[in-house]
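Engineer: The structure under discussion is supplied below as C-alpha cells; questions concerning it will follow.
Any read-out appearing in this document is the output of simple, stated calculations on the displayed coordinates, not a laboratory observation. Because the structure is predicted, anything quoted here is derived from the model rather than measured. Reconstructed Cβ throughout: ideal geometry from the backbone, glycine too, with neighbour counts over all protein chains shown.
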Amino acid sequence: MSSSITRLAAAAAVVASASAAALLNAVPAEAFSPPLTSAGIRVHFDLAGGQMPENVVTDRNGSVAVTLAGARQVARVSSRGEVRVLATLPAPKDPRATTPLLGFPLTSGLVRDGRTFYVAYATGSRAETGIWTFEEGRRPRKIADLPASGLPNGMVMDHATKTLYVTDSVRGVVYSVGTRGTVTTFSTDPALTSTGFFGVNGAKIRAGRLYVSNLDRGTVLSSPLRGRGAGTFTTEARDLQGIDDFAFTGKGEQLIASLVTENKVVLVDGPATTTILTGDDGLSNPSAVAVRGDTVYVTNAAYTTQKDPNLLVAHLGRP
C-alpha cells in the first residue's frame, strides 16, 4: 500500500493550499447495477478546499450530515443538494503536529443523537485528537482525549447506553467513550490490526453486536457489546479488499460496503458479493455508506483519484 500512502500525502498538499467551496450542480449516473434502481450525484465538493467527504449519517427532512476530512468541517447536505457548514473544528495549535499516515488533520467518524453531533478528529497532537461534540449553532468542544499516535476513524453510538464505539485504524483497537468523556479500551483483538496500512475502520451496531471493518484484511467482524465474549471479534465477511465503511440494508445481515481502494461499492449477502456501483456511476474513492429506508448514500472522498469528491445517492430495490 506504499503507493496509496504516497498519493494520500499528495492529497494533503492539495488540502493545505486552497480555500473551501461547494459545487451544487447534480450529475446523473446511469451505469448502476441491480439491485439499485437509480443513482446520481447529489452534490460535488471542492477538493482543493479539503472538502473530502469521509463519513455520512442520515439527518432530518431527507438531509444527511457529512464530515469533510481535510476541511475540518461537519456539513449538512439537503435533499436538494444545498450545503451548510454546521461546525468547523480548530486547527492544530502545534504547527509541528502530523497526523499519522495521512499528514493532515482528519475529521472522520460522525454520530448524530438528536440535535447533538459527535465527531472524531485526529491531528497528531494530544490537544486536538479525540472526540468532539456540538449542537447546531454552538462551537464544538472536546469531550475525550485519544492517543495522538493513533487515528480515530469510524464511530457509532449504542443508544441504549449512550456509549460511543470508536475505531483506531493505526493502533488496531476499539475504544468505548462515554458522552461525558470516559474512555475505555473495548478491544485489542489481533483481528483489528493492519497489515501495514489501515486496520479497523468502519463501525455499526446491530442486534446487540458491534460490527467493524478492517481495510487491510478485507473483513467485516463482529463482537457482542456486553456479556461473555465482549471485545472478541469473529469474522462475518471476507475478501472485501479495501473496505472502508458499510451499512446494513435492513434485510437480515445483508450489507452494502464501500471499497475505497478498489473504487466500487458492493452488496454482501451471505457468501455472495455483487458489485452495484463503480467509477462509471461517479464513485471516486467511496469512503462511507448510509441507508435510510430504500435510499443509499455514498460519500466519495477522492483521496487517491484526486478527482470529484461527491455525495452519491441511489435507491435500493426491494422484493
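Engineer: Could you give the length gained on full extension between residue 274 and residue 138, defined as 0.36 nm per residue of separation minus the Cα-Cα distance, in nm? Please list the in-between numbers first.
Structural biologist: On the way: separation 136, 0.36 × 136 = 48.96 nm, distance 4.26 nm.
44.7 nm is the gain from fully extending residue 274 to residue 138.
Engineer: Then there is this: Rounded, prolate or oblate: pick one for the chain, where a ≥ b ≥ c are the square roots of the eigenvalues of its C-alpha gyration tensor, a/c under 1.5 means rounded, and failing that, prolate if a/b is larger than b/c, else oblate. Provide the component values of the computation, followed by the final result.
Structural biologist: Details: a/c = 1.30, a/b = 1.04, b/c = 1.25.
Rounded shape, in that the Cα axes give a/c under 1.5.
Engineer: Based on Cβ point charges of +1 for Lys and Arg and -1 for Asp and Glu, what charge dipole magnitude is obtained for the chain about its Cα centre, in debye rounded to the nearest 20?
Structural biologist: Values: 31 positive and 26 negative charges, 199 e Å.
Dipole of the chain, to the nearest 20 debye: 960 debye.
Engineer: Can you give me the distance in nm between label points at residue 158 and residue 315, each placed 7 Å from the Cα along the Cα-to-Cβ direction?
Structural biologist: 3.8 nm
Engineer: Students often check this: by mean Cβ neighbours within 10 Å, which of 45-55, 299-309, 135-145 ranks highest, and how do the rest follow? Walk me through the numbers before you get to the answer.
Structural biologist: Details: 45-55: 24.5, 299-309: 22.5, 135-145: 13.9.
Final packing ranking: 45-55, 299-309, 135-145.
Engineer: Label point 7 Å out from residue 60 along Cα-to-Cβ: which residues of the range 114-130 have amide N under 14 Å?
Structural biologist: 114-117
Engineer: On full extension of the chain, what length is gained from residue 149 through residue 254, given 0.36 nm per residue of separation minus the C-alpha to C-alpha distance?
Structural biologist: Details: separation 105, 0.36 × 105 = 37.80 nm, distance 3.45 nm.
Net length gain for the segment: 34.3 nm.
Engineer: Using alpha carbon centroids, what distance separates the range 237-304 and the range 87-115, in Å?
Structural biologist: When both Cα centres are located, 24 Å separates them.
Engineer: Name the lysines eligible as straight-distance cross-link partners of residue 204: C-alpha to C-alpha under 30 Å, and not fewer than 8 places from it in the same chain.
Structural biologist: Reachable lysines: 142, 162, 251, 264, 307.
Engineer: When Lys and Arg each count +1 and Asp and Glu each count -1, what net charge do the other residues less than 14 Å away from residue 212, Cβ to Cβ, add up to? Intermediate results must be reported in sequence, preceding the final value.
Structural biologist: Numbers: positive: 171, 204, 206, 209, 217, 238; negative: 158, 168, 189, 216, 236, 244, 245.
Charge balance near residue 212 sits at -1.
Engineer: Additional query: How much net charge surrounds residue 78 when only other residues with a Cβ under 12 Å from its Cβ are counted (Lys, Arg +1; Asp, Glu -1)?
Structural biologist: On the way: positive: 42, 60, 76, 80, 84; negative: 59, 82.
Residues near residue 78 contribute +3 overall.
Engineer: How much length would be gained if the chain were fully extended between residue 94 and residue 184, taking 0.36 nm per residue of separation minus their Cα-Cα distance, in nm to one decimal? Could the numbers behind the result be given before it?
Structural biologist: Details: separation 90, 0.36 × 90 = 32.40 nm, distance 2.64 nm.
Between residue 94 and residue 184, full extension yields an extra 29.8 nm.
Engineer: Now a separate question. Considering amide H positions built from the backbone, and no H for Pro or chain starts, which residues 5 or more places from residue 43, or on another chain, come under 5 Å of its amide H?
Structural biologist: Correct list: 311.
Engineer: Working from the alpha-carbon coordinates of the range 49-143, get Rg over Rh, Rh being the Kirkwood radius.
Structural biologist: Numbers: Rg = 12.9 Å, Rh = 13.3 Å.
Checking Rg against Rh, the ratio lands at 0.97.
Engineer: Please give the Cα centre distance for the range 173-225 versus the range 31-86, rounded to the nearest Å.
Structural biologist: 24 Å
Engineer: Where does each of 242-250, 183-191, 113-121 land if you order them by average Cβ count within 10 Å, highest first?
Structural biologist: Numbers: 242-250: 23.2, 183-191: 15.4, 113-121: 19.2.
Most protected by this proxy first, the peptides run 242-250, 113-121, 183-191.
Engineer: While we're looking at this one, here's another question. Specify which residue in the list 271, 296, 172 is farthest towards the positive end of the charge dipole of the range 166-319, using unit charges on the beta carbon of Lys, Arg (+1) and Asp, Glu (-1), about the Cα centre.
Structural biologist: Projecting each Cα onto the dipole axis, the largest value belongs to 172.
Engineer: Right, another one. List, in order, the whole-Hz ³J(HN,Hα) value for each residue of the range 193-203 obtained from phi through the Karplus relation with A = 6.51, B = -1.76, C = 1.60 and θ = phi - 60°; use x for Gly and Pro.
Structural biologist: Couplings: 7, 7, 10, x, 10, 10, x, 4, 9, x, 8 Hz.
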